[in-house]
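Q: Below are the C-alpha cells for one structure; questions will follow.
The values are calculated or read from the model by the stated rules, or taken from the named source; none is laboratory data. Since we're looking at a predicted model, the values are computed, not measured. Surface accessibility is based on the protein's heavy atoms, side chains included, excluding ligands, DNA and RNA. Shrake-Rupley method; radii C 1.70, N 1.55, O 1.52, S 1.80 Å.
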Amino acid sequence: LNEKHPRFSSKLAAAVRAWQAVSEAGTPAGMSPKQALAGWLELNAKDLGLIDKSGKPNIGGIEEVAKVANWQTGGGAPKTPGNT
C-alpha cells in the first residue's frame, strides 16, 4: 500500500482498501460482496485514481478491481435470511 514502493500498483492498493472497508462495514442486505465493493470503489474513485480523462469514475477499472477484491467468487445471488 506504500505509494513510494518501486512495485506499487494502484489497482492492487484499491482492491486491498476496498476489501478492508467493505469487509469491516459488512455487505448491505441484498447485495453481493462484488456489488458492495464496486459501489465503494465508485464512491472513492477519485482518491484511488480510478477516474477517466473526463474525471468520471472508470467503470471498467472499477469492475476489474472489484473482481480481485471479491471474496464470494462462486457468483449467484446472495441468500436471503432464512433461505439456506
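Q: Extension gain Leu1-Glu42, at 0.36 nm per residue separation less the Cα-Cα distance, in nm?
A: Working: separation 41, 0.36 × 41 = 14.76 nm, distance 1.90 nm.
Separation in residues times 0.36 nm, less the Cα-Cα distance, equals 12.9 nm.
Q: Mind counting lysine pairs for me in the chain? Cα separation below 24 Å, and the two need to be 8 or more apart along the chain or on different chains.
A: 16
Q: For q values of 0.11, 0.15, 0.21 Å⁻¹, compute log₁₀ I(q)/I(0) with the Debye formula on a Cα-only model of the chain, without solvent.
A: Log10 I(q)/I(0), no solvent term: -0.32, -0.55, -0.95.
Q: By how many degrees, 0 to 90 and rounded to 10, does the Cα axis of helix 33-43 deviate from the longest principal axis of the chain?
A: 40 degrees
Q: Where is the GNM fluctuation largest for the chain (alpha-carbon springs, 10 angstrom cutoff): Glu63, Glu24, Glu42?
A: Judging by the Gaussian network model, the answer is Glu24.
Q: Right, next: Ignoring ligands, DNA and RNA, how do Lys34, Lys67, Lys11, Lys46 rank by accessible area with a 1.4 Å probe, largest first?
A: Working: Lys34 65, Lys67 130, Lys11 90, Lys46 160 Å².
Greatest to least solvent exposure: Lys46, Lys67, Lys11, Lys34.
Q: Have a look at Ala13, Ala25, Ala36 and tell me which one the Gaussian network model of the chain (Cα, springs below 10 Å) gives the largest fluctuation.
A: Judging by the Gaussian network model, the answer is Ala25.
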